[in-house]
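A quick write-up on the structure given underneath.
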Amino acid sequence: MKKSKKSLKSKAVFVSGILFGIIPFVFIVYLLLGPVIKVIKKDLSAETMIVISEELNIRSDKSMDAYVIGHYSFGTEVKVYKVFDNDWAEVSVGEKKGYMYFKYLVLPETFYTIEGMFGNENAKELISSVKYRKAISKYLKQNGFTSKIPKEKRDKLYGKDDDREIWQIFAEAKSSQFNTFCYGDYNGDNKRDAAFIITNIKTGNRKLILLNIENDTKEQYGSLITFRYLKHDFQFIKHVPKRTKMFLKDSVQRTSVDGILIGTNRDKSFNDISKLMIYNGKEFEYYEQEKK
C-alpha cells in the first residue's frame, strides 16, 4: 500500500514536470511562430486579382502622395488582403507588399474576358481606359456571351460543355480616322458613352453596341443603350460631335446631338462612309451622306 502511494506520487511529479515543461515550450513556440502563422492565415484568406490597366503602381501607403515602390503591367496577378473605403487595397506581388488603387484590379474571370475581347493589338491600344474595358466585359457577361478565352481557363470558368457565343473587337490603328470604337454622348445625358463594333468569331455577325457609362455610380461602368446588327462586312464608325455640319433630310444642317458615321470600307480607303446614325432616345435615325 505504501509502495502504491509512493508510485502514484512519483507519477504525479513526473506528469506535472512534463506539463510545466511543455507549457513554457508551447509559449516560446507561439512567440516564435505566431507571426508566421498569422502571415500564412492572411495569405490563405487573400483574394487573387489581376491588373487590368497597362501599368499600375504599388505604393508604400494608401494615397497617391505615397512613394511608388514598384509598378506592374497588364495581366500581373496580385494578392488582395483588404480593401479600404477610399478604394485602395492592401496587396502583395511576390515578395513586395504595399497598396494599389483597387479599381484597376479585377477577378480572373473579368480579366480573361477583357483580354480575350481584343481581336488584335490595335483594339487593345484603342480601348485603353479601364472604365470602358470593364463596361464591355460587363455587357458580354450580362448577355451570356464571352470572349476568346484559352480553353483550359474557359473550361475552368464555365465547364467543358459551355457553348457561349464568342465575340471580339477588331480595330484599325489608333490613328485611323474611322475605326471600330468611339466615344460620345449618344443618349443626351452629357456623359461620354461608348460605341463599338463587335464580331461573333464563329458566325461573322457584327453588332454596333452603345453603352451608357456611369461616372458617378461606383462600379456601374456600363449599361446597354441600344444595339444594331450590321449588314455589311468591314463596317467602321466615326464619332460626330454635336453641332457638326452634316446632310440631314437632303440639306446641310448642324446635328442637335452626337452621332455616328458608318460605312462599309469596301476599298479600304475610308471614302465610302455613307450613313449618319443618330439615336433619338428610342431608335436610330439614318441620314444618307454624300460620298467623298
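Computed quantities for the displayed model
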quantity: Residues being at pLDDT below 85 and either within 21 Å of LYS242 (Cβ to Cβ) or part of a strand (DSSP E or B) (or both) - total across segment 264-282; calculated: 5
quantity: Checking ILE136 against (1) in contact with a strand residue (DSSP E or B) (Cβ under 8 Å, 6 or more places away or on another chain); (2) part of a loop (DSSP other than H, G, I, E, B), the condition it does not meet; calculated: (2)
quantity: Matching residues in segment 71-87 - criterion: being more than 21 Å from SER128 (Cα to Cα) and surrounded by 14 or more Cβ atoms within 10 Å (Cβ to Cβ); calculated: LYS79, VAL80, TYR81, LYS82, VAL83
quantity: Odd one out for LYS124, checked against (1) without any contact (Cβ under 8 Å) to a residue 40 or more places away in the chain; (2) part of a loop (DSSP other than H, G, I, E, B); (3) in contact with an Asp or Glu (Cβ under 9 Å, 6 or more places away or on another chain); (4) not β-branched (Val, Ile, Thr); calculated: (2)
quantity: Residue check for THR203: of a type in the set (Ser, Thr, Tyr) and not in a loop (DSSP other than H, G, I, E, B); calculated: no
quantity: Those residues of segment 170-193 which are farther than 16 Å from ILE262 by Cβ and in contact with a Lys or Arg (Cβ under 8 Å, 6 or more places away or on another chain), in sequence order; calculated: ASP185
quantity: Those residues of segment 183-205 which are within 21 Å of LYS231 (Cα to Cα), touching a Ser or Thr at 6+ places or on another chain (Cβ under 9 Å) and hydroxyl-bearing (Ser, Thr, Tyr), in sequence order; calculated: THR199
quantity: Check on THR146, among the β-branched types (Val, Ile, Thr) and over 24 Å from VAL106 (Cα atoms); calculated: no
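The values are calculated or read from the model by the stated rules, or taken from the named source; none is laboratory data. Just so it is clear, the structure is predicted and the values come from calculations on it, not from any experiment. Ideal geometry is used to build each Cβ from the backbone, glycine not excepted, and the neighbour counts take in all protein chains shown.
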